[in-house]
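The values are calculated or read from the model by the stated rules, or taken from the named source; none is laboratory data. Source: prediction; values computed, not measured. Counting neighbours? That spans all protein chains shown, and the Cβs are built from the backbone with ideal geometry, glycine included.
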Protein chains: 2
Amino acid sequence: MRLQPLSLCSHRLALALALAAPFTLLPTAPLHAAPAAAARQGDTAPVLVTAAQWQQMASEGSRYPWFAKEQARTQKSLQKMMKAGIDVPVPKDKGGGRTHEQHKRNYQALLAAGTLYRLTGDKAYVAYSRDMLLQYAKLYPTLGPHPEGRGQIPGRVFWQVLNDSVWLVNAIQGYDAIRDALSPQDRQTIESQVFRPMAEFLASEPKNYDQIHNHATWAVAATGMTGYVLRDRELVEKSLRGSRKDDQFGFLRQIDLLFSPDGYYEEGPYYQRYALAPFLLFANAIERNEPQRKIFARRDGVLLKAVDVLVQTSYDGLFFPINDAILDKGIDTEELVAGIGIAYAQAGDDRLLSVAQQQKRLLLSPEGLQVAQALAANKAKPFDYRPMLLRDGPDGERGGLAILRMGGERGQALVQKDTMQGMGHGHFDKLNWLFYDNGNAVVTDYGAARFLNVEAKRGGIYLAENRSWAKQTVAHNTLVVNEQSHFKGDWKRGEELAPQVRFFQADADTQIASATMRDAYPGVVFTRTQALLRHPELGLPVVLDLLQVHGDKAARYDLPLHFNGHIVTTGFEAEHFPAQRPVLGSDNGYQHLWLDARSKAGSEPRTLAWLLDGRFYTYRFGSSAPAQALLVESGANDPEFNLRREPALLQRVEGQKDVTFFSVLEPHGEYNGTAEYVHGADSRIKQIIRTRGNDAEVLELRLASGARIALGVADDSDAKGEHSVTVDGHAYRWSGSHARMDRSKGEAR
Amino acid sequence: MRLQPLSLCSHRLALALALAAPFTLLPTAPLHAAPAAAARQGDTAPVLVTAAQWQQMASEGSRYPWFAKEQARTQKSLQKMMKAGIDVPVPKDKGGGRTHEQHKRNYQALLAAGTLYRLTGDKAYVAYSRDMLLQYAKLYPTLGPHPEGRGQIPGRVFWQVLNDSVWLVNAIQGYDAIRDALSPQDRQTIESQVFRPMAEFLASEPKNYDQIHNHATWAVAATGMTGYVLRDRELVEKSLRGSRKDDQFGFLRQIDLLFSPDGYYEEGPYYQRYALAPFLLFANAIERNEPQRKIFARRDGVLLKAVDVLVQTSYDGLFFPINDAILDKGIDTEELVAGIGIAYAQAGDDRLLSVAQQQKRLLLSPEGLQVAQALAANKAKPFDYRPMLLRDGPDGERGGLAILRMGGERGQALVQKDTMQGMGHGHFDKLNWLFYDNGNAVVTDYGAARFLNVEAKRGGIYLAENRSWAKQTVAHNTLVVNEQSHFKGDWKRGEELAPQVRFFQADADTQIASATMRDAYPGVVFTRTQALLRHPELGLPVVLDLLQVHGDKAARYDLPLHFNGHIVTTGFEAEHFPAQRPVLGSDNGYQHLWLDARSKAGSEPRTLAWLLDGRFYTYRFGSSAPAQALLVESGANDPEFNLRREPALLQRVEGQKDVTFFSVLEPHGEYNGTAEYVHGADSRIKQIIRTRGNDAEVLELRLASGARIALGVADDSDAKGEHSVTVDGHAYRWSGSHARMDRSKGEAR
């Protein structure tokens, strides 16, 4: 089954931190010892976190610094709101506007108040929540579609129904905590005027509810958690199995289809962390209330894998910014705070604790308490960042994200993007790559052209430049044919075609990933093989890149490399444009590139070296047919200064059907401004040589030391074939898709 | 007396950390208990650090983690060198070359070996030093002028004599520590063939020795410390009083003339930290050996003031990059590690300890031990970053550096550069300013165009762009007349003329600095008054800037503002050049500016807002005569990619004799990408109004809250005059040079 191609468009939501706790629908739990005198009967007892769990947090939380600090922070921010007084305005504004922001603050306050009531016993929190909810009880029944209604289904409290779902996910948790402290009459009013009609509204519209899309996950999480709290079995069932209870939609089906078997979410990590939140919150509620469902074990534990994937798809704390992504989003995002807490409680993996440390936050929940206790006991271990292939698609057969890694969290990481399109947030960058080293993005992805929530930048939504630049192929490090983007920039067409992963291998010294893309351009097939190689005569691992292109007619092939750093050496002759800076092209992103320098076409490998954060990077690149090297910078045709200005190198081959691009990127040396020294400023590689055999080719690196690194790559990825390629009289022979065949100085002589 | 206009040109020196210790020329100190059996008589005992002090460090050092760690680090790096074997090559290469770097490593090794011998008692260190020095004893007498001799006086071991001085400063300290462990014969050989002839060489050339310049300070420090070690009273005297011993030159005279009374050094902090090192090292040796000289009390303690000044002239750990400066140089520089240790030992100010903590290093010396002990006792207090006027010139009457500060180390800092030219390293930027906020440089200084020690960038020396761009006036935030730089770019002319400080005041809520510059351009006088103002209805302090220009003929006046951040709003209409980017001008730095946008000339104040690191900056600017607003970026005519590409706003007034530029820069709001919220994105200032009276003017800020901030500035800086300026019917009256006269919303109605 194909994923529903809906686009997730607005994310002005701050997910308040909280989650759900065990209860059974026929309560057999002992009567709790909550501080509230009103708690008299099981059917008002809290169910998302049990009274006993609350009690434990209330009595023990203060002993654990992380928990106590989080509580103090929550207290401080809520008290500020309480002092300001309750404000439940008639919905009027769109995202970012006053009424929108106020209703957001209100759900955060309801959650915080419920939590703090349980942790402190202070009835003032109950009174505050009750009064606010009674105001909602007056307001909500009067509401029709939001006046600024957006998308197919307008919300009632907010402009889009997604935000209404988020409101309910948060508010119901806060309500669960105070429910037994309310008078029966107040409960009746609040439930019949707010929570029930809200849940019914969310579930009533199949376009919202019966979907395989993360917006619908927010909706079913909201109604499902409400169902548990209101002891409404029917609502829980619908949430789990779809409004028709036929398992075509609903939460369980979403788990089965929205993640790949490896826990990858096709839009990429930026949206994965957002999509993940309702999955984990609702799953935690299910696990507590219906543990027999073994929800966290479903599909081989895919929800917990998805948490691990989110951390694995980050570098130095920030998510790989593939597709529409804001660059500064990372593992400290609130959604992943919830994720780490829940995953730790489920799996007990102490390596998650070091992520919690980086997040500097936790949940005021039983899971958060577990994290705080483990941290206090110094159990944290380093997170295990490791190379992996994350298969994409519900069956894991639609490409994948290849991650090559050496040297841990701030070492080398190469990301090859062989994934599905990523729906409306996908970029047109099949077989794109990113490279990280020394704590920095070195080969970069622009991410999204958007200033999230910055009103002055088109209200904070995606800018026009997101389409005209950020999504375009030329804004990425992959093949552009005839100045067009992949799929002619049509993401629905992109959804139909996925790359094919040829092979993936990750050893200590040799890590390699290869994939083929067909028909991103009609009649063009391109295969990219990249390797991260360690060698004792190199200071640091290097990246080999081999991009083989076959077309059915002569074309212009461009291969951009967006790099981060200050150019140190341009190792080729070029015409410069120092005094009038021309624009490279007219459309598909080319209109945003200034041209600074252009070499003549040539076939010899060239070099470009740059300096970034005290380290040198030498890029040595060549092609099978004569290529020009162009130095460009983003920022042309940008009168509103919406783009960052970033440099790129572009290799251009004209009038060929087939071409192979090959290169090596070598991090080396150190520039230390404090101690005023430089060492290793010279590359240790003398030459890169590509040699084509009958059915395979070899990339050979000749090191200054005399040693040679050789990588053989066969056209056929079959593990059995025998291959031979002769380079300068030496026959490299191997069997299978690829092989590393280094020679020492003595052997190479 | 005028400072000697020599230029300090090459700084490929890593100053090894070490210093000197007490001894008297007629040794009355008790026999030391050094581990060396060879120590038999007072006249070979160590004098730069006494045997007793070494003993104390040896026995106590390991108890203090900071000291122990430094020792371990030193040990590790020396052992690596010892393993590689001694290498004393015939001098051949210039700076950065192999023989140059080897001789540098050698003096570091000599110092480390002497230190470690004393700290561990291990004779292997003595043997290593001795063998190396005996090799120098063979080599040195054979040396004439260095084949790559640079500057007026070539060195012998190095290309420039400065490096020879630095060699001696370091090596003599190491030698002092091992001297009593050597045989009399080795001592005789080493002293007669290395140390004596080296000191004589340095002292023999008045162009090197008898100068008021920091190069000469290195020379006298080297000979003076050598004099103490060799018990050569004559050499010490020459070092202190000049080669003719007439007090015209020498160390004491250098102390009197090279620093201003406030401890400021005219080249600016980047060179101050370099110049300071030999002052402190030699002073420390003098203090120990001749405490009766009270060297640290000389000129009211100017040497210790200079240490304080170095820290005060930094922001978030990095020096203000005025004049030729590398941006990443800061308080962790090795010279200041020595400085903080010595200053702490002298003054015992616990606030220096927090600087030591940031440095993460200390000295293996009695002073370092004191720092380590104090840190272990948790004595560190925050350093007191405070507003101050640092007068410039030997008498403090040649301008100064005004620092306005609120909010501590990472709060707001405004630097107004009203200093002297700064000799050959000075930039042509009279009354330039810098602004810092939130841990970032917001209004920037380019610093030097140089990739220190990066061979591929012209051997690491100053690039041609340092002259063509970095030094030019348009590369700074100050007045440019007719596209010329100050003094027509002639620094010797610049040395003759200094700004005049009009007034300086620094209260909690109002800090203000004002200065006048005459004849940076013939016939042009300009006065700049800047204030940092706090107001309860503003989120953060704001900067007011008033620049009054009087010329004797009509001219083109440009006022650049180099800012750091991404433009959010351009609050004015402008012609854009999105498709062909022109260059702004042809010379004096203008050839390096691309033109992106240009408004028509107008008189109404305009705005420009940008976003930097989660904070918004709104700049509201106007002028008394119609001005164009130009948006530009550096990087034109830069075929070698030597320049960073940075944006600037340029206000341009044509054909006027007089003009006043006025503006307010307001930091506000917060963009949080992690939690996805923005607040305070709107400026709280509605208007800036400048009104001219008879002999004064008033800048009025009208806040969104209704309140008004008013600053009156009189033409005459006399404290007594009465002034009145009427703005919209309200008469602002004050006496003296300036006054802040805010009005609340009620009063302003």
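Side notes on the structure shown:
- Of the residues in the range B:382-404, not one is crowded, with 20+ Cβ neighbours inside 10 Å, within 14 Å of chain A (Cβ to nearest Cβ) and touching a residue at least 12 places away in the same chain (Cβ under 8 Å).
Let's see how each residue does on (1) basic (Lys, Arg); (2) in contact with a Lys or Arg (Cβ under 8 Å, 6 or more places away or on another chain); (3) in a strand (DSSP E or B):
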{"residue": "B:Asn453", "(1), (2), (3)": "no, yes, no"}
{"residue": "B:Asn466", "(1), (2), (3)": "no, yes, no"}
{"residue": "B:Lys488", "(1), (2), (3)": "yes, no, no"}
{"residue": "B:Lys492", "(1), (2), (3)": "yes, no, no"}
{"residue": "B:Ala508", "(1), (2), (3)": "no, yes, no"}
{"residue": "B:Met517", "(1), (2), (3)": "no, yes, yes"}
{"residue": "B:Ala520", "(1), (2), (3)": "no, yes, yes"}
{"residue": "B:Leu532", "(1), (2), (3)": "no, yes, yes"}
{"residue": "B:Pro536", "(1), (2), (3)": "no, no, no"}
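- Filtered by the rule that a residue be more than 24 Å from A:Leu401 (Cβ to Cβ), in contact (Cβ under 8 Å) with a residue 40 or more places away in the chain and among the hydrophobic types (A, V, I, L, M, F, W, C), the range A:242-285 gives A:Phe249, A:Leu252, A:Leu281, A:Phe282, A:Ala285.
- Hey, B:Thr516 of a type in the set (Val, Ile, Thr) and within 13 Å of another protein chain (Cβ to nearest Cβ) or not: no
- Set side by side, the residues A:His535, A:His566 differ, and just one is within 14 Å of chain B (Cβ to nearest Cβ), under 24 Å from A:Leu608 (Cβ atoms) and surrounded by fewer than 23 Cβ atoms within 10 Å (Cβ to Cβ), which is A:His566.
- Where a residue in the range B:213-238 is within 28 Å of B:Gly393 (Cβ to Cβ) and charged (D, E, K, R) and its partner, wherever it lies, is in a helix (DSSP H, G or I) and modelled with pLDDT of 95 or more, with Cβ under 9 Å and at least six apart: B:Lys238/B:Ala203; B:Lys238/B:Tyr209; B:Lys238/B:Val220; B:Lys238/B:Thr223; B:Lys238/B:Gly224; B:Lys238/B:Gly227
- A:Asp349 being farther than 16 Å from A:Ala275 by Cα, modelled with pLDDT under 95 and not in a helix (DSSP H, G or I): no
- Only one of the listed residues (B:Asp164, B:Asp210) is at pLDDT 95 or above, surrounded by 24 or more Cβ atoms within 10 Å (Cβ to Cβ) and either under 27 Å from the mean Cα position of the chain (by Cα) or among the hydrophobic types (A, V, I, L, M, F, W, C) (or both). That residue is B:Asp164.
- Of the residues making up the range A:65-102, just one is part of a helix (DSSP H, G or I), in contact (Cβ under 8 Å) with a residue 40 or more places away in the chain and acidic (Asp, Glu), namely A:Glu70.
- Of all residues in the range A:591-624 being surrounded by fewer than 21 Cβ atoms within 10 Å (Cβ to Cβ) and over 30 Å from A:Leu699 (Cα atoms), the one that is farthest from the chain's Cα centre (by Cα): A:Leu595
- Evaluation of B:Glu640 against (1) more than 30 Å from B:Tyr462 (Cα to Cα); (2) within 14 Å of another protein chain (Cβ to nearest Cβ); (3) outside any strand (DSSP E or B) (one fails), failing number: (1)
- Residue in the range A:479-486 that is over 17 Å from A:Asp558 (Cβ atoms) and out of contact with any His (no Cβ under 7 Å at 6 or more places or on another chain) present: no
- For the range A:401-413, the criterion of being under 17 Å from the mean Cα position of the chain (by Cα) and part of a loop (DSSP other than H, G, I, E, B) is met by at least one residue.
- Residue within the range B:345-356 that is within 14 Å of another protein chain (Cβ to nearest Cβ) and in contact (Cβ under 8 Å) with a residue 12 or more places away in the chain present: no
- Filter result for the condition that a residue is within 14 Å of another protein chain (Cβ to nearest Cβ), over 30 Å from B:Phe572 (Cα atoms) and of a type in the set (Val, Ile, Thr), over A:Val632, A:Val653, A:Val727, A:Val678: A:Val678
- Of the candidates B:Ser243, B:Ser192, the single residue that is touching a Phe, Trp or Tyr at 6+ places or on another chain (Cβ under 6 Å) and polar (S, T, N, Q) is B:Ser243.
- Within the range B:575-618, the set of residues being among the aliphatic types (A, V, I, L, M), within 12 Å of chain A (Cβ to nearest Cβ) and more than 19 Å from A:Trp594 (Cβ to Cβ) comprises B:Leu608, B:Ala609, B:Leu611.
- Flag for A:Arg253 being in contact with a strand residue (DSSP E or B) (Cβ under 8 Å, 6 or more places away or on another chain) and among the basic types (Lys, Arg): no
- Elements of type strands (runs of 3 or more DSSP E) contained in the range A:643-749, each with 1 or more residues being touching a residue at least 12 places away in the same chain (Cβ under 8 Å): A:647-668, A:670-672, A:685-692, A:696-703, A:708-714, A:722-727, A:730-735, A:738-740
- Each residue in the range A:446-469 was checked for being touching a helix residue (DSSP H, G or I) at 6+ places or on another chain (Cβ under 8 Å), aliphatic (A, V, I, L, M) and within 12 Å of chain B (Cβ to nearest Cβ), and 4 of them qualify.
- The range B:441-465, residues that are farther than 24 Å from B:Gly317 by Cα and modelled with pLDDT of 95 or more: B:Leu463, B:Ala464, B:Glu465
- Hey, B:Gly426 farther than 13 Å from B:Gly268 by Cβ and not assigned by the TED database to the domain that holds B:Asp316 or not: no
- Being outside any helix (DSSP H, G or I) and farther than 16 Å from B:Asp392 by Cα holds for only one residue in B:Asp262, B:Asp246, and it is B:Asp246.
- The single residue among B:Gly721, B:Gly706, B:Gly729 that is over 30 Å from B:Asp587 (Cβ atoms), in contact with a helix residue (DSSP H, G or I) (Cβ under 9 Å, 6 or more places away or on another chain) and outside the structural domain of B:Val442 (by the TED database) turns out to be B:Gly706.
- Just so you know, in the range A:311-323 the residues that are of a type outside the set (Gly, Ala, Ser) and either assigned to a strand (DSSP E or B) or within 14 Å of another protein chain (Cβ to nearest Cβ) (or both) include one that is farthest from A:Asn466 (Cα to Cα), and it is A:Tyr315.
- Residue check for B:Ser599: more than 20 Å from B:Glu575 (Cβ to Cβ) and polar (S, T, N, Q): no
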